[in-house]
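In what follows, a structure is listed as structure tokens, so that the remarks can point back to it.
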Amino acid sequence: RSVPIVQDARLRECDYGDFEGRPRTEMETARPCAIWTPFPHGESYLQVAERMHSFLVQLAARHNGQQVLLVGHAATLWMLEHWLKAQPLDVAVGPFPERPWRYRLDGALLPAPAVRAGCDVTAPPSQRIPAQGD
């Protein structure tokens, strides 16, 4: 059976800016700050959450009650955990087990996360001050 393939830029990976290609350990230490503060010349996970929210609203309207397959990157999965399983953004953005995931979208989404002051992702870990609640 033929299944239409629809590409949507809102499912792309987070734009890590100057952190693209850096070792995973550097990314992991920068991640807590990058939830609210964009990576230098990139985007924050909050920005990823906002574009994913837009995608999910449209998906719910167009495919209500239908089964769909999403293909994306880690940031896509983190945002599904955030929006569809009500995980706080700072909890959702983290390591996850390698396995298939199933989500149910009933059109009822959480409100957009509150914007908070962030921290400098380029600062050494010992000098970072995470946003309140992190």
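The values are calculated or read from the model by the stated rules, or taken from the named source; none is laboratory data. On a predicted model such as this, the values are computed, not experimentally measured, just so you know. Backbone-built Cβ (ideal geometry, glycine too); neighbour counts: all protein chains shown.
Search the stretch 65-97 for residues being surrounded by fewer than 18 Cβ atoms within 10 Å (Cβ to Cβ) and polar (S, T, N, Q), and hand back the single one that is nearest to the chain's Cα centre (by Cα). Of everything passing the filter in the stretch 65-97, GLN87 is nearest to the chain's Cα centre (by Cα).
Among the residues making up the stretch 46-68, those that are closer than 16 Å to LYS85 by Cα and in contact with a Phe, Trp or Tyr (Cβ under 9 Å, 6 or more places away or on another chain) are ALA49, MET52, HIS53, LEU56.
For ARG128, the criteria (1) basic (Lys, Arg); (2) touching a Lys or Arg at 6+ places or on another chain (Cβ under 8 Å); (3) modelled with pLDDT under 60 hold in every case but one, which is (2). So VAL6 fits all but one of (1) of a type in the set (Val, Ile, Thr); (2) more than 13 Å from ALA75 (Cβ to Cβ); (3) touching a Ser or Thr at 6+ places or on another chain (Cβ under 7 Å); what number is the exception? Answer for VAL6: the failing condition is (3).
For (1) hydrophobic (A, V, I, L, M, F, W, C); (2) touching an Asp or Glu at 6+ places or on another chain (Cβ under 6 Å); (3) within 28 Å of ARG104 (Cβ to Cβ), each residue gets a yes or a no:
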{"residue": "LEU11", "(1), (2), (3)": "yes, no, yes"}
{"residue": "THR25", "(1), (2), (3)": "no, no, no"}
{"residue": "GLU28", "(1), (2), (3)": "no, no, no"}
{"residue": "ALA34", "(1), (2), (3)": "yes, no, no"}
{"residue": "ALA74", "(1), (2), (3)": "yes, no, yes"}
{"residue": "HIS82", "(1), (2), (3)": "no, no, yes"}
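If you scan the stretch 50-64, which residues turn out to be within 12 Å of ASP8 (Cβ to Cβ), of a type outside the set (Lys, Arg) and within 10 Å of the chain's Cα centre (by Cα)? Answer for the stretch 50-64, where residues must be within 12 Å of ASP8 (Cβ to Cβ), of a type outside the set (Lys, Arg) and within 10 Å of the chain's Cα centre (by Cα): just MET52.
The set of residues from the stretch 6-44 being under 19 Å from PRO95 (Cα atoms), surrounded by fewer than 18 Cβ atoms within 10 Å (Cβ to Cβ) and β-branched (Val, Ile, Thr) comprises THR25, THR29.
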